[in-house]
Amino acid sequence: MIHPMVETTSANATKPAHTKKWLKFRTGKWIDDKSIWMFIDGSSTGWHAAVILDPFAKKKIEVSKYQKPGSSANVGAELQSCLIGMEAVDPSRPLTVVHDYIGTGAWLVKAWKIRSPHVQEVVDQIMATIVRREFTSMRFIHTGGHQKNDTDFGLYNGRADELCNNKVVLHTTVDWESEA
């Protein structure tokens, strides 16, 4: 089940002129439950990455990959990062996707109309993955990108961005407690 609302930590996105029924302001930028948390990012170069934190298993997974950019380069990579992350998690557990492009959540909760055939193709792949892998619960949180702060959202969104810039194919799992 996809939650029909996108949360956002960006006050600009919730100003009256931009208020939408599908968008809700969130004050905290911290991991606050035991769901799997997936921080995603993509680059116009075609690199995309996900940093996945599992508070229950105390594991961190980092995945990054390159795919030749399509007609919607950066946006396509943002969506591809969601797709590669979804393949690395347990679909029986609730999944929280934190993204820095608001369209990622907006398209997946069907709040925005998709105009690009390339975006439609990747959104269709994500939806098929939700069905194929039988995801039980997904929610989306938009946060500002390139944040230089010590919140969980700033740290892990920054790490996903760093993985895109490193341009190395990666799939690693490490003990998450060791970073504390």
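For SER72, the requirement of being more than 13 Å from ALA160 (Cβ to Cβ), in contact (Cβ under 8 Å) with a residue 12 or more places away in the chain, among the hydroxyl-bearing types (Ser, Thr, Tyr) and touching a His at 6+ places or on another chain (Cβ under 6 Å) is met.
Give the residues of region 102-139 that are part of a loop (DSSP other than H, G, I, E, B) and surrounded by 14 or more Cβ atoms within 10 Å (Cβ to Cβ), sorted by residue number.
Filtering region 102-139 for residues part of a loop (DSSP other than H, G, I, E, B) gives 109-116, 134-137.
Scanning region 102-139 gives VAL109, ALA111, TRP112, ILE114, SER116, PHE135, SER137.
Only one entry of ALA128, ALA111, ALA77 meets the criterion of being farther than 22 Å from ASP54 by Cβ, modelled with pLDDT under 95 and more than 14 Å from the chain's Cα centre (by Cα), and that entry is ALA111.
Given the options LYS34, LYS24, LYS68, name the one that is surrounded by fewer than 20 Cβ atoms within 10 Å (Cβ to Cβ) and more than 21 Å from HIS3 (Cα to Cα). Quick ask: steps written out before the conclusion?
Working: LYS34 fails: more than 21 Å from HIS3 (Cα to Cα); LYS24 fails: more than 21 Å from HIS3 (Cα to Cα).
Selected residue: LYS68, the only one of LYS34, LYS24, LYS68 that is surrounded by fewer than 20 Cβ atoms within 10 Å (Cβ to Cβ) and more than 21 Å from HIS3 (Cα to Cα).
Scanning region 140-168 for residues that are exposed (fewer than 15 other Cβ atoms within 10 Å of the Cβ), among the acidic types (Asp, Glu) and part of a helix (DSSP H, G or I) turns up just one, GLU162. Restricting attention to region 121-180, which residues are free of Cβ contacts under 8 Å to residues at least 12 places away in the same chain and hydroxyl-bearing (Ser, Thr, Tyr)? Answer for region 121-180, where residues must be free of Cβ contacts under 8 Å to residues at least 12 places away in the same chain and hydroxyl-bearing (Ser, Thr, Tyr): just SER178.
Just to confirm my filter: which strands (runs of 3 or more DSSP E) fall fully inside region 1-72 and include at least 2 residues that are within 18 Å of ARG93 (Cα to Cα)? Give the derivation first.
On the way: elements: 2-8, 23-25, 36-42, 47-54, 59-66.
So the answer is 2-8, 36-42, 47-54, 59-66.
The values are calculated or read from the model by the stated rules, or taken from the named source; none is laboratory data. Model, not experiment: these values are computed from the prediction. In this analysis, Cβ positions are derived from the backbone assuming ideal geometry, glycine residues included, and neighbour counts consider all displayed protein chains.
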